[in-house]
1. When residues of region 1-18 are filtered for being acidic (Asp, Glu) and either open to solvent by 100 Å² or more (accessible area, probe 1.4 Å) or more than 13 Å from the chain's Cα centre (by Cα) (or both), how many remain?
2. Within region 36-59, can you find the residues that are part of a helix (DSSP H, G or I) and not hydroxyl-bearing (Ser, Thr, Tyr)?
3. Among the residues of region 1-18, which ones are farther than 14 Å from TRP61 by Cβ and not in a strand (DSSP E or B)?
4. Residues ALA33, ALA21, ALA73, ALA25: which one is open to solvent by less than 80 Å² (accessible area, probe 1.4 Å) and in a strand (DSSP E or B)?
5. Right, ALA55: of a type in the set (A, V, I, L, M), more than 30 Å from ARG8 (Cβ to Cβ), surrounded by 12 or more Cβ atoms within 10 Å (Cβ to Cβ) and touching a helix residue (DSSP H, G or I) at 6+ places or on another chain (Cβ under 9 Å) or not?
6. Please give the number of the condition PHE63 fails out of (1) outside any loop (DSSP other than H, G, I, E, B); (2) modelled with pLDDT of 80 or more.
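The values are calculated or read from the model by the stated rules, or taken from the named source; none is laboratory data. What you see is a predicted model; the values in this text were computed from it and never measured. Quick reminder, even Gly has a Cβ in these numbers, built from the backbone with ideal geometry, and neighbours come from all protein chains shown. SASA here: full protein model, heavy atoms, side chains in, ligands and nucleic acids out. Shrake-Rupley method; radii C 1.70, N 1.55, O 1.52, S 1.80 Å.
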Amino acid sequence: MRALGHERFHLMGHDRGARVAHRLALDHPAAVASVTLMDIVPTAVLLGDLRRKVAQSYWHWFFLAQPAPFPGAYDRGQSRSLL
């Protein structure tokens, strides 16, 4: 946003975008004038009592949270290099 000439801005995100907006607001509070998060279960609530059914429904969150190069290599069809 700074590169676009905005030192301070209002931020809004929906679903996965809300998680990104939340992280951005936490990391750069001086830049975010306000934040609106829509259709999101707070991470602490979701993971605070994680059970098998939820973990199986949201498996992709855990998959994508793996350290590099795992998710990118898998997405590029290079999964054999990970074995």
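1. Applying the first criterion (acidic (Asp, Glu)) to region 1-18 yields 7, 15.
Keeping just the survivors that are either open to solvent by 100 Å² or more (accessible area, probe 1.4 Å) or more than 13 Å from the chain's Cα centre (by Cα) (or both) gives 7.
The qualifying residues number 1.
2. To start, the set of residues in region 36-59 that are part of a helix (DSSP H, G or I) comprises 43-48, 52-57, 59.
Those that are part of a helix (DSSP H, G or I) and not hydroxyl-bearing (Ser, Thr, Tyr): ALA44, VAL45, LEU46, LEU47, GLY48, ARG52, LYS53, VAL54, ALA55, GLN56, TRP59.
3. Keep residues of region 1-18 that are farther than 14 Å from TRP61 by Cβ, which gives 1-14, 17.
Matches in region 1-18: MET1, ARG2, ALA3, LEU4, GLY5, HIS6, GLU7, ARG8, GLY17.
4. Details: ALA21 fails: in a strand (DSSP E or B); ALA73 fails: in a strand (DSSP E or B); ALA25 fails: in a strand (DSSP E or B).
Result: ALA33 is the single residue among ALA33, ALA21, ALA73, ALA25 that is open to solvent by less than 80 Å² (accessible area, probe 1.4 Å) and in a strand (DSSP E or B).
5. Details: of a type in the set (A, V, I, L, M): yes; more than 30 Å from ARG8 (Cβ to Cβ): yes; surrounded by 12 or more Cβ atoms within 10 Å (Cβ to Cβ): yes; touching a helix residue (DSSP H, G or I) at 6+ places or on another chain (Cβ under 9 Å): yes.
Here the answer is yes, as ALA55 does meet what is asked.
6. (2)
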